[in-house]
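The values are calculated or read from the model by the stated rules, or taken from the named source; none is laboratory data. Note that the structure is a prediction, hence the values are computed from the model and not measured. Glycine also receives a Cβ, built like all others from the backbone with ideal geometry; neighbour counts cover every protein chain displayed. Only protein heavy atoms, including side chains, enter the accessible area calculation; ligands, DNA and RNA are left aside. Shrake-Rupley method; radii C 1.70, N 1.55, O 1.52, S 1.80 Å.
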Amino acid sequence: MIDWIAERSGRWLKISEDRVRYLLHSVGIILAVGTFVLTSTLLVAYDSIFLGVNNIASLQIGDIAPQDIRAPASVPPFISQVLTEQRKQEIRDNVSPIYFPPDPAVSRQQSETAQQILEFIQNIRRDAYGTPQQKIDDLKKITDLKLDDSIILQMLTLDEATWVEVGEQVTGVLERVMRGEIRDTNLQSVIAQLPIQVSVRFSEDEAAVIVAVVQGLIRPNTILNVTATEEARQSAITDIVVRRSFERGQVVLRAGERVDAAAYEALSVLGLLEPTNRRLQQIMRAMLVSITVLVVSGLYIARFKSDLFHSSRFIALLASIFLITLLGARIVGFYGQIYVYPTAALALLFVALIGPEIAVIGVLGLSLLIGIMQENSLEIATLVGVGGMMATLTLRRPERLNGYFMPGLLVALANVSVVMIFYQGVFSFNPETGLLELIFYCLLNGILSAALALAGMYIVTLIFNLPTGLKLVELSQPSQPLLQRLLREAPGTYQHSLQVANMAEQAATRIGVNADLVRVAALYHDVGKMMNPAFFTENQVEGVNPHDALDDPARSATIIIAHVTDGDKIARQFRLPSRIRDFIMEHHGTQVLYFYQQAVQRAGNAEAVDIEQFTYPGPKPQSRETAILMLADSCEAAVRSRKPTRKQEITDTIQQIIDSKIHTGQLDESGLTFNDIKAIRKVFVDMLQAVFHPRINYPTQLGSGAVRDTLSASNVRPELPGKTTSEQPKLSDTGRTSPVPFEAVVQETPRPATQTRELPTIKIEVEKDDESPLAEVPPLPRAGDQNKLKTGENGRPPVKKDAPEEQ
C-alpha cells in the first residue's frame, strides 16, 4: 500500500518515492503512538470518562446495586457519620420529654367555660318560640363543642330534672379529669377514658351527651419543658460513636439491595465511587502512565531489540495483543474476579512470538496499568508482574504444546504466593475470610494462562501466518506438500537444502539467533529451482549441462536468477510466512553471476553488457539469520562442486567464500560481527569436513563373502592412507583382519560371478606434504547437548590400537 501511494505521489506531485515513504512512515508512527496512548487512557480511566457506564462508580442513594459489591482491600475501623447520626437520633427519640407541673388555672378556666356552655344550652332548651331546627342550628354554633344532630336531639328532649343532673355530671367529670396531668401526647388517651368517668346511673344516651360536652372542653394543662428535655437528650448522646471496618472481599452491598446513606458512605470510603470533581485528574493520570509505558517500552526495544523497529506490522500486532489483554482486565473488573484473569498469557504469547526480552517489558507495562486501573492496587500490580515474569522465565520450548504446562503451574504457585503475602490473617483458614476462594482463583489463573496462550498462538499463526514455534514445527515436517514436490521434481536441490539446513541451524545456534527459523527457511530457500531443475548443477547428470546447449550467458543468467523470484511466488502460493520469503529473496543478496564474465568475454567490452541482467534482485541479507543462510548455501555448493580431497582445501574454500561476501558488501546490512563470522566459519569447516572427506577405493567384488574369503586365504589386507606398514591393521590368530566394512569400500566393476583369484595388496598413493588427508572428523555437538564427547590427546575420539581407523 505504501509503495503504491509513493509511486502515485511521485508521479503526480513530482516528489521522490523515498521521501514519500519516509513521510508516510512518520505519519504511521504518529498515528500508531496516538492510538495506543488514547486506547490505553480510555481503558485505564474508563470509570472517570464514562461515569454512567460503570454501575458501581455512578451509584447514587436510592439506586439498586447491579451486583455484589465487595471491599477491594481491608479498611481499618473508621467513624461512620451516617450510622452515628442514626444511632444518636434513636437515643434522642427514646429520651422521655420533660414537662412542667399541671397548671390549675387551666382547669378553672375550662370549668368556667363549661358553666357558660351549659347555661347557653339551658336557654335554648327553654326558648318557647324557637323551632326545633332553629334550636339545632343555635347549638351547632358553640365553637368549643362538636355536636352531631343525634346528641343535640338528646339534649333538647331531656326533661328538666335529668338535664340538671347531666349538667352537674359534666362539671364534676371535667374537674376530676383536669386534676390529672394532661399533655398533648396523652390528650387522646384521656378522652378515650371519659366513658368510664361517667356515673353508671345515667343511661347510655345520657352518658353520650355528657361525654360529648366534656371531651370538647378538655385541654392540656401542662407544657413541654424544652430546655430540660434538650439537656437530657444531649447528655444521653454525648459519647455515642459508631465505627465500621471492612475486610478484603467482604460484601458491602448485595445485588438487588437499595443503596442507602450508610452504604453510599461505605462505597465512598472504599474508593469505589468517583467524585465528579476528580474526573479530569484521573484522566490526566491515566494518560501520563500510558505515555510512560510507551516511552519506556520504546527505549527498551531500541536498546535490546532494535531490529524490531524494522517490522512495523509486527509491532502493531504486539501492541494489539497488549491492548486486548488490557481490555480484558477492564471487562473482568466490571463483571468478574480480577484474580482469575489470566494476564500471564500475554507473557507466554510474547515469548513465543518474539522472545523473553520483549515479554519482560510487556509484563511490567501491563502490571503498572492494571494496578492503576484497580484503584492503585499494589497487590494486583504485583500479582500481574510476578505471574508474568514467572511465565517469561520458565517457557523454554514454545514450539512444543507440553512446554506450556510447567509455566502455567508455576504461574499458579506464584499467584498464590502473592495473595498469601498481601492477605491479612494468612494463618486463619476460615472459609468465611475468602482466602481459600482467592487461592482457588489463583490456581485457576495459571491453568487459564497456559490454555489461553495456546489458543492465542493458534489464532495468531492462523490469521497472521507468522513463523511461530508451532508453525515452524509444522513446516519442518517432510510430509509437507511443498517439500514432497521439491523431493520429486528436484531431488538434488532437496538434498542440498537438507545439508544447508543442518549447517545453518548449527551456525545459528552457535551465535545465538533463531536456529529453528533458519533451519526451516533453509529447507525452502531453493524451491524456485523446481521450475527449471535441470539448469542447476545438483540436479544435473554428470557430463550433461543444459547451459552448454543454450550457449547464451544472458538467458542462462535469467534462468538462474529466476529461481529467487519463482521461489517467492511459490512461497506465496503455499502461504509460507513472509519471514520465510525474506530468506528466499535475500539468500543470494545482490551477487553478480559467473555468466557476466562469459558475456563480457564474448562482447569484448564490459560496457556493452548490462550488469543488471546478471545480478540477483536482492536485497542483501537484512538480518543475521538470512546472512547465515547465504553463507551456508554458498559454502556447501562450492565445497560440493570442488570435491576436495584434503582438509585444507575445504578450509580454504570456505574462507574464500566468506571473504568474497565481505568484500562485495553482501553482509554489510546483516548485523553480523567478525566474532559471528569466525564462529560460523568454524562450524562450516567441521561439518563439511565430516561430509566430504575422501573414501578408500577397493577392487570390485561380486560376493562380499567371496572377497572376504579370498583376502583371508591370501593374508592380503588393504593399506590405509597415511599409515606405515607397522600401523596397518594386523591379522588375528584366525588369519583374518579386525572387522573392516569391506562391502562399503570396495569399488564395483563387472566380474563373472564364479571367478575367484588371489587379490593383490591394495595401496593408495598419498602425497607427502604438510596436508594430512581427511581420515576422520570429530562429531559436531548439537545445540543443547550436555554430554560432551571425551577426546584423546590429539583431539580425536580414542581408537583401539588393534583396530583400523574408519574411513
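A compact table of results
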{"quantity": "Loop-resident sites, the range 92-144, for chymotrypsin sites (Phe, Trp or Tyr not before Pro), counting at most 15 other Cβ within 10 Å (DSSP)", "calculated": "129"}
{"quantity": "Inter-probe distance in nm under a simple model that places probes 7 Å from Cα toward Cβ, at residue 27 and residue 664", "calculated": "4.0"}
{"quantity": "Percent of Cα pairs exceeding the 16 Å cut-off, where the set is the range 277-385", "calculated": "60"}
{"quantity": "Percent carbon-and-sulfur accessible area, the range 60-137, ignoring ligands, DNA and RNA, probe 1.4 Å", "calculated": "52"}
{"quantity": "Exceeding the 27 Å Cα-Cα cut-off - candidates 620/647; 569/620; 529/678; 471/661", "calculated": "620/647; 529/678; 471/661"}
{"quantity": "Surface accessible to a 1.4 Å probe, per residue, for the residues of the range 293-343, Å²", "calculated": "54"}
{"quantity": "Order by protection proxy (mean Cβ within 10 Å, highest first), peptides 229-241, 408-420", "calculated": "408-420, 229-241"}
{"quantity": "Probe 1.4 Å, protein heavy atoms only - accessible area per residue of the range 447-606 in square angstrom", "calculated": "45"}
{"quantity": "Zero-based 10 Å bins, Cα pair distances in the range 89-179, whole percents", "calculated": "14, 37, 24, 13, 9, 4, 0"}
{"quantity": "Cleavage-rule hits (GluC sites (Glu not before Pro)) in the range 481-551: DSSP loop, at most 12 neighbouring Cβ within 10 angstrom", "calculated": "542"}
{"quantity": "Part-to-part distance (alpha-carbon centres) for the range 368-429 and the range 283-341, which is given in Å", "calculated": "18"}
{"quantity": "Between the range 25-47 and the range 505-551, the Cα center-to-center distance that results, in Å", "calculated": "45"}
{"quantity": "Calculated on alpha-carbon atoms, Rg and Dmax of the range 56-97 in Å", "calculated": "15.6, 45"}
{"quantity": "Solvent-accessible area per residue, Å², over the range 162-215 with all protein chains present [probe radius 1.4 Å]", "calculated": "52"}
{"quantity": "Accessible surface of the range 416-535, 1.4 Å probe, proportion on carbon and sulfur as whole %", "calculated": "64"}
{"quantity": "Equivalent ellipsoid, the range 444-492 (semi-axes from 5 times Cα gyration tensor eigenvalues, Å)", "calculated": "33, 10, 6"}
{"quantity": "Label zone at residue 120 (point 7 Å along Cα-to-Cβ), backbone N below 13 Å, the range 146-174", "calculated": "146-147"}
{"quantity": "Nitroxide proxy distance, nm - points 7 Å out along Cα→Cβ at residue 656 and residue 231", "calculated": "12.2"}
{"quantity": "Full-stretch length increase - residue 436, residue 312 - with 0.36 nm per residue and alpha-carbon distance subtracted", "calculated": "40.1 nm"}
{"quantity": "Inter-part distance where the range 197-270 and the range 62-114 are each reduced to a Cα centre, Å", "calculated": "6"}
{"quantity": "Carbon/sulfur fraction of accessible area - the range 168-235, other protein chains in place, 1.4 Å, %", "calculated": "49"}
{"quantity": "Cα shape, the range 359-422, gyration tensor, a/c 1.5 rule", "calculated": "oblate"}
